[in-house]
Amino acid sequence: MPIVGFWEPGYRCNGGTFFTNVILNQFGPDFAAIRSNPAAMTFIRELTVPSASYSRTICRLVGWNDDGSPGEPLARIAGIAHITGGGVWGKFGELLPKGIGARLDTMPNPALVLLQGQRLSWDLEGLRLTDHQAYGTLHGGCGMLLVCSTDDDAQTVIEEARHDGITAQVVGRTNEHTAQGEKLVIRSRFHDYDRPLNASELKKS
């Protein structure tokens with residue numbers, strides 16, 4: 001089954017302790033010094049990007065009208081995971097039943113603040129964030145993952161999301177899982193970036 005991901009432009013309150021420790025260890029602990037440091041304040045402003053709201057889209061997809069009255073589902077959706085604490089490994093991983101695994105090979109580019117946070121952690125002892133941790137401590141690029149019954153259902157989900165201004169794309173597929181293999185496999189998009197970044201290119205899939 002295809003898996004659709006909804007892109008998240010901010011950090012979605014995932015990894016607050018991690019980001020706080022990065023700020024204090026890279027730029028602090030003097031708050032006055034942090035406030036007068038342009039690099040620190042640029043990073044902090046990225047942390048204030050509001051979380052995307054997916055509720056209107058999800059309600060409409062599963063059969064609720066915008067006025068709250070019951071309607072007809074627009075797509076067949078087998079599972080929905082809101083990627084909060086625990087990240088993709090936790091929230092999406094626990095959605096997969098026994099015998100079902102998933103490969104997320106085409107995850108979107110992570111939000112700029114996630115990439116910045118990881119880079120700022122690289123030279124901090126005990127705080128360095130690996131790619132694996134970035135999909136557990138952080139949301140990794142998607143605020144929500146939806147398992148759709150068919151490719152047509154996935155396309156409907158994407159179109160409805162775009163109608164609400166949400167960037168969405170197919171990020172992977174479910175598969176049969178045996179005890180010998182990994183239940184959930186993610187192709188990291190964090191390691192794709194080893195050069196200066198800008199926000200506009202990160203919004204492109």
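Figures for the structure shown
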| read-out | value |
| --- | --- |
| Cα centroid of region 73-120 to Cα centroid of region 1-55, whole Å | 19 |
| Computed helical MRE - 222 nm, the chain, DSSP H runs ≥ 4 contributing -39500 (n - 2.57), nearest 500 | -9000 deg cm²/dmol |
| In nm, spacing of pseudo-spin labels at residue 24 and residue 125 (7 Å Cα→C-beta vector) | 1.7 |
| Distant-in-sequence amide H partners of residue 79 (H built 1.01 Å from N, under 5 Å) | 147 |
| Extension gain (nm, one decimal) between residue 162 and residue 44, 0.36 nm per residue minus Cα-Cα | 39.7 nm |
| Other-chain or far-sequence residues with amide H under 5 Å of residue 173's (modelled H) | 3, 103, 105 |
| On Cα atoms only, tilt of 151-163 relative to the major axis of the chain in degrees | 50 |
| Region 1-122: projected area of the alpha-carbon convex hull, averaged over directions, in nm² | 10.1 |
| Helix axis angle, 38-47 relative to the chain longest principal axis, alpha carbon, degrees | 20 |
| For the chain, projected area of the alpha-carbon convex hull averaged over all directions, nm² | 12.9 |
| Sum of side-chain charges, residue 121 neighbourhood, beta-carbon under 13 Å (Lys, Arg +1; Asp, Glu -1) | -1 |
| Degrees separating the helix 112-121 axis from the principal Cα axis of the chain, which is the longest one | 50 |
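Where a number appears in this text, it was derived from the coordinates with a stated rule and is not lab data. In this text, all values refer to a predicted model and were calculated from it rather than measured experimentally. Positions of Cβ are backbone-derived with ideal geometry, glycine not excepted, and every protein chain shown enters the neighbour counts.
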